[in-house]
Amino acid sequence: MDDDATRHSMAENDSAADDEGRGGADGSWATDPDGDLADESRLDGGTGTEDDALPVTGRILDDGRDALDVLLRVVGPECDGPPALWFLVLDATDRVLPLVLPIAEVPIVPDAVVCANLVHVLASVLEHDAPGGSVVVGYVRRGGGDLGAFEAGWSAALQVSAQREVVRIRAEAAIGRDRARILSTSW
């Protein structure tokens, strides 16, 4: 895990957005810890979709900040829900594919068999749809957004299963209602 992981406080960034006259009310999110605002709104009409397609499909991710931005756009209002895992699929060039796997209402403590089965499915998806690709993982829960027991437990379990299946985890992020941060990257 990175010591200087990218931190993202949604409440702070909404305030900064209001100060800039660009308004947190329009759904804009900062893509870095300094509060610079993204040009695109986070969601289209609160649905998390734009014309029934992910608004981030085709985007090439260059680093953890990009991964966090994409995850925030995809997860949208689900960041205020029960614990869930979100997987974005990237091709071999780190381009976001229109394949998102949300696993809702996962237990706080990971189960090794569930992790193994989940990573096996991810390996099959990568083999079929994105040879040489990878995944970005979002650990999502209402009170999350940092490294807690939920995030650490699932990360460790997924890493073990991913090594067995040779699934590359490109980045991991913790996402909560009020904050989000990158936990690790392999860029």
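Note on the stretch 41-187: with neighbouring protein chains present and a 1.4 Å probe, carbon and sulfur make up 53 percent of its accessible heavy-atom surface. With R₀ fixed at 30 Å, the C-beta to C-beta distance from Ser124 to Ala149 puts the FRET efficiency at about 0.50. Rolling a 1.4 Å probe across the protein heavy atoms gives the stretch 77-167 an accessible surface of 47 Å² per residue. Mind running the shape call on the stretch 77-187? Use the C-alpha gyration tensor, a ≥ b ≥ c as the square roots of the eigenvalues: rounded below 1.5 for a/c, prolate if a/b tops b/c, oblate otherwise. It comes out prolate by the Cα gyration axes. Full extension of the segment from Asp63 to Asn117, taken as 0.36 nm per residue of separation minus the current Cα-Cα distance, would add 16.6 nm.
Each residue of the stretch 148-155 was assigned a 3J(HN,Hα) from its phi angle through the Karplus curve 6.51 cos²θ - 1.76 cosθ + 1.60 (θ = phi - 60°); the sequence is x, 4, 4, 5, 5, x, 5, 4 Hz, with glycine and proline shown as x.
The values are calculated or read from the model by the stated rules, or taken from the named source; none is laboratory data. Note that the structure is predicted; figures quoted are calculated from it, not measured. So basically every Cβ, Gly included, is an ideal-geometry build from the backbone, and we count neighbours across all protein chains shown. The accessibility values were calculated without ligands, DNA or RNA, using every heavy atom of the protein model including side chains. Shrake-Rupley method; radii C 1.70, N 1.55, O 1.52, S 1.80 Å.
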